Structures are given as structure tokens and as C-alpha cells.
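These notes are about the structure you will find just below.
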Amino acid sequence: TSVIDDVYVYNLTVSEVNENLKVLYTKELKAPHLSTIVRSFAPTRIYVSGEVASPGEFIVIGPTLTLTQAIARAGGTKNSAETKHVFIFRRGAGETSQTFVADYDAATQRGDSSKDARLAPYDVVFVPKSGAAETYIDYQQYFQQFISPPVGIGGSFTMN
């Protein structure tokens, strides 16, 4: 038989686990000293979509990814990406949703590591199109198709 029952440790830090175990063991032992070693982490998932090279689901073992790590896993941003306003969608307890706006440009181009947000399990990162990319798409859809293609005439001649 075990001295204490199984302990649920999901979403707790190592120090919180140690404190909980110490309280439980104190019922059986006078002055328990504990060490907790994390042998493995349960896999979590992060999703990246929008203007990235390879959108998709990314399985993570260990600590969750940061915004820059997740976008790097997705192959980086496309030239058409709006990198100053990247959206992070998160579902919390009770299925309440939150939306965060992150500045990927500041974290990467301006070297501000405080802008590199730590993602939570099952976060969805969405990299939108830039305004210039949207304008170009509108141009292609609404104007370019009605403009007749340029016609060129060429020829050559020689003089004697």
C-alpha cells in the first residue's frame, strides 16, 4: 500500500507539487523533505494559420512555445503578412475565449524579447494579410481582369 493516495498535478508548478505532497506526507511523517523531478511532459498543441509558409497544428512536448517559436515552426511569415498585429486566440476555462494582439515585428526585427509572448496549450496564432497585400488582391480581382493585356509590335530591319 502507498503512504498517500495519487496526487493530481496537472497545471501545477514543481514547487506547488512539492508543497501539496509535503502537506499530505505530514499526516504520516514528522518532517518530510521532498524532491520532485519532472520526467516528461504531456504533449500540447499549438495552431498557426494565416500568412505563414506552412500553417498547421504543432505538437509540443515540454514547455509551450513562444510566438516567435511557433511562427518559426510554421516556416516563417510570408511577404504579405501583417507582422505588427498578430492575433492569438485562446480558449480558457468554461470555453470563454480571449483574443490577444502581439507585435511579432517588435520581437524579431526590433529585438524586443518582452514582445515574444509565451503561448498556452491549444492557442491559435493567426497572422493576417497586410493592408498592401489586401489592396493588391482587390486590384487583381476588380481591375486587372478588365484591363486588356498590352500588345507589343516588334520587328527588325537592316540597312545596306
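Just a few scattered comments:
- Bridging of Lys129 to aspartates and glutamates at a Cα separation below 12 Å is possible for Glu51, Glu82, once same-chain residues fewer than 8 apart are set aside.
- When all protein chains stay in place and ligands, DNA and RNA are ignored, the 1.4 Å accessible-area order of His33, His85, largest first, is His33, His85.
- In whole percents, the pair-distance distribution calculated for the stretch 7-139 from its alpha-carbon pairs, binned every 5 Å from zero, is 2, 10, 16, 16, 14, 11, 9, 7, 5, 4, 3, 1, 1, 0, 0, 0.
- Dimensionless Rg ratio for the stretch 1-54, taking C-alpha atoms and the 2.2 N^0.38 Å reference: 1.78
- If you wrap the tightest convex hull around every Cα atom of the stretch 28-89 and split its volume per residue, you get 134 Å³.
- Modelled this way, with points 7 Å down the Cα-to-C-beta line, the labels at Lys129 and Val101 are 1.9 nm from one another.
- Near the amide H of Lys84, within less than 5 Å, lie the amide hydrogens of Asp105, all on another chain or at least 5 residues away, with H placed in the peptide plane.
- Listed values for the stretch 63-69 are Karplus-derived 3J(HN,Hα) couplings in whole Hz (6.51 cos²θ - 1.76 cosθ + 1.60, θ = phi - 60°), namely x, 5, 6, 8, 4, 5, 5, and x replaces Gly and Pro.
The values are calculated or read from the model by the stated rules, or taken from the named source; none is laboratory data. Model, not experiment: these values are computed from the prediction. Virtual Cβ from ideal backbone geometry, glycine too; neighbours counted across all protein chains shown. These accessible areas exclude ligands, DNA and RNA; they are computed on the full protein's heavy atoms, side chains included. Shrake-Rupley method; radii C 1.70, N 1.55, O 1.52, S 1.80 Å.
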